[in-house]
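The values are calculated or read from the model by the stated rules, or taken from the named source; none is laboratory data. All figures in this text were calculated on a predicted structure; none of them were measured in a lab. With ideal geometry, Cβ positions are generated from the backbone for all residues, glycine too; neighbour counts draw on all protein chains shown.
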């Protein structure tokens, strides 16, 4: 306790003891010591309670930040399952366009169908772009196990091992997360 507080406490005790017989005043030191101990205990309890309040406020703030981050992620990646399902539709549309022979593409009877299918593919790509879904670059790139899944190794004398030489299925990202890895063929050293 500071000297100022101690002096104030002593003078308060002296005022209280006015009119008390001298033989009874000798016990005042014990009372003062007990009061000082109680004050010290109360000050310690107050400091502990203040510390607990600070910890509780920090924990509340951490929980709020975590909840905001989870809500933000939920909004950003809510369509992940749906996007995976739509990717197979996009793959089938691309396969259908690739399967149309060039003579049929030039045919007056088939030309409107081909144009419609190509327009549908462009619209699907536009919807993907609006929702943060991007195609993963693969051809000619080194194999990245975080984005590509090697399906076969293809002997190549021209390319160094680990370079992607074939893409069986396109891979996609949604924002910064992998939606589907690209299925690829990788160059290996020729025998």
Which numbered condition residue 78 misses (of (1) touching a residue at least 12 places away in the same chain (Cβ under 8 Å); (2) within 36 Å of the chain's Cα centre (by Cα)): (1)
Contacts under 6 angstrom Cβ, first residue in segment 128-154 being more than 23 Å from residue 86 (Cα to Cα), partner assigned to a loop (DSSP other than H, G, I, E, B) and at pLDDT below 90, 6 or more apart: 142/162; 143/162
Enumeration of residues in segment 139-173 that are under 22 Å from the mean Cα position of the chain (by Cα) and modelled with pLDDT under 90: none
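Filter segment 174-191 for residues that are surrounded by 16 or more Cβ atoms within 10 Å (Cβ to Cβ) and in contact (Cβ under 8 Å) with a residue 40 or more places away in the chain and give the result.
Our first condition is that a residue be surrounded by 16 or more Cβ atoms within 10 Å (Cβ to Cβ); within segment 174-191, this holds for 174, 179-188.
Within segment 174-191, 174, 179, 180, 181, 182, 184, 186 qualify.
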Some residue of segment 89-105 being more than 30 Å from residue 130 (Cα to Cα), in a loop (DSSP other than H, G, I, E, B) and modelled with pLDDT of 80 or more: yes
Segment 78-96, residues that are in contact with a helix residue (DSSP H, G or I) (Cβ under 9 Å, 6 or more places away or on another chain) and within 15 Å of residue 120 (Cβ to Cβ): 86, 87, 89, 90, 93, 94, 96
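For residue 117, indicate whether it is within 27 Å of residue 184 (Cβ to Cβ), assigned to a helix (DSSP H, G or I), more than 32 Å from the chain's Cα centre (by Cα) and in contact (Cβ under 8 Å) with a residue 24 or more places away in the chain.
Details: within 27 Å of residue 184 (Cβ to Cβ): yes; assigned to a helix (DSSP H, G or I): yes; more than 32 Å from the chain's Cα centre (by Cα): yes; in contact (Cβ under 8 Å) with a residue 24 or more places away in the chain: yes.
The answer is yes for residue 117.
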Any hit, segment 121-128, residues being modelled with pLDDT under 90 and on the phi < 0 side of the Ramachandran plot: no
Among residues of segment 85-100, those that are surrounded by 14 or more Cβ atoms within 10 Å (Cβ to Cβ) and within 12 Å of residue 172 (Cα to Cα), counted: 3
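Yes/no matrix, rows are residues, columns are (1) in the same structural domain as residue 188 (by TED's automatic domain parsing); (2) within 22 Å of residue 177 (Cβ to Cβ):
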site: 102; (1), (2): no, no
site: 107; (1), (2): no, no
site: 116; (1), (2): no, no
site: 137; (1), (2): yes, yes
site: 144; (1), (2): yes, yes
site: 153; (1), (2): yes, no
